[in-house]
């Protein structure tokens with residue numbers, strides 16, 4: 001059975017490699033603009049399914065994994081910072097607060113049709129951060145392509161007081177515990 005990751009994210013690719021399954025990657029052509037008044041949870045779910053569908057139309061017999069992650073601060077979605085200034089602003093705003101991450105996936109096969117989806121929720125509690133340590137952290141790790149402006153699998157872990165999650169891989173971008181369950185439901189053996 002062909003398995004395709006509908007993503008070009010190196011983080012998701014590295015996570016999926018942990019399961020030891022052969023897979024291909026394909027770039028999903030999806031507009032990721034939030035809908036008016038769309039909450040972060042719905043946005044993550046909608047984009048994960050849209051990415052899976054965008055790739056599945058070209059591979060109707062394959063199992064396609066679409067995934068998306070949305071970070072929210074004070075209930076509002078924040079995007080990837082893309083540069084130092086935005087990352088510094090995001091981390092300054094998160095200092096002493098908690099940020100919620102919605103890590104959604106959609107496992108989809110069009111023929112015969114089956115869809116399994118789930119969203120993992122992770123709460124990250126930031127310690128109080130001063131401007132100097134934010135600047136030093138950003139220069140060292142440069143997490144400009146990461147939701148929330150940090151890499152939890154790297155030095156970013158030092159920015160937190162605690163993390164609350166049922167799946168630590170969800171914070172990195174692909175919740176492997178629930179994805180493993182979905183793959184088993186789809187009849188794909190992990191070992």
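Rule-based calculations on the coordinates, nothing more; no lab input. Predicted model, so just to flag it, every value in this text is computed and none were measured. Note: ideal-geometry Cβ built from the backbone for every residue, glycine included; neighbour counts use all protein chains shown.
Assuming a ≥ b ≥ c are the square roots of the Cα gyration tensor eigenvalues, decide whether the chain counts as rounded (a/c under 1.5), prolate (otherwise, with a/b larger than b/c) or oblate. In terms of gyration-tensor shape, prolate. Computing FRET efficiency as 1/(1 + (r/R0)^6) for residue 82 and residue 2, where r is the C-beta to C-beta distance and R0 is 30 Å, gives about 0.35.
Spacing of the modelled spin labels on residue 37 and residue 21, each 7 Å from Cα toward Cβ, amounts to 3.8 nm.
At residue 166 and residue 127, where each label point lies 7 Å from the Cα along Cα→Cβ, what is the point-to-point distance in nanometres? Spacing of the two 7 Å Cα→Cβ label points: 2.9 nm.
Report the antiparallel proportion of the DSSP beta bridges in the chain as a percent, rounded to a multiple of 5.
On the way: 29 of 35 bridges.
Beta bridges within the chain, antiparallel portion: roughly 85 percent.
Contact order normalised by length for segment 61-163, with contacts defined as Cα pairs under 8 Å and 6 or more residues apart; what percent is it? The partial results should precede the final answer.
On the way: 187 pairs, mean separation 34.3, N = 103.
With pairs under 8 Å counted, the relative contact order is 33 percent.
Using 0.36 nm times the number of residues separating residue 114 and residue 92, minus their current alpha carbon distance, what extension gain do you get? Mind showing how you got there, number by number?
Values: separation 22, 0.36 × 22 = 7.92 nm, distance 4.28 nm.
Length difference between fully extended and current span is 3.6 nm.
Protection proxy ranking for 112-120, 94-102, using the average of other Cβ atoms within 10 Å per residue and placing the highest first: 94-102, 112-120. How high is the relative contact order of segment 3-185? Use alpha-carbon pairs under 8 Å, at least six apart in sequence, and give a whole percent. Relative contact order here is 22 percent.
Against the chain, whose longest principal axis is taken from its Cα atoms, helix 84-94 shows a tilt of about 80°. Based on the Stokes-Einstein relation at 4 °C and a viscosity of 1.567 mPa s, and on the Kirkwood radius from alpha carbon pairs, segment 142-191 is assigned a translational diffusion coefficient of 103 µm²/s.
To the nearest ten degrees, helix 131-141 and the longest principal axis of the Cα atoms of the chain are 40 degrees apart.
Average the reciprocal distances over every distinct pair of alpha-carbons in segment 1-50, invert the result, and give the Kirkwood radius in Å.
Details: mean 1/r = 0.0803 Å⁻¹.
About 12.5 Å, per the Kirkwood formula over Cα pairs.
Helix 40-56 and the longest principal axis of the C-alpha atoms of the chain enclose an angle of approximately 40°. Segment 98-159 and segment 71-87 have Cα centres lying 10 Å from one another.
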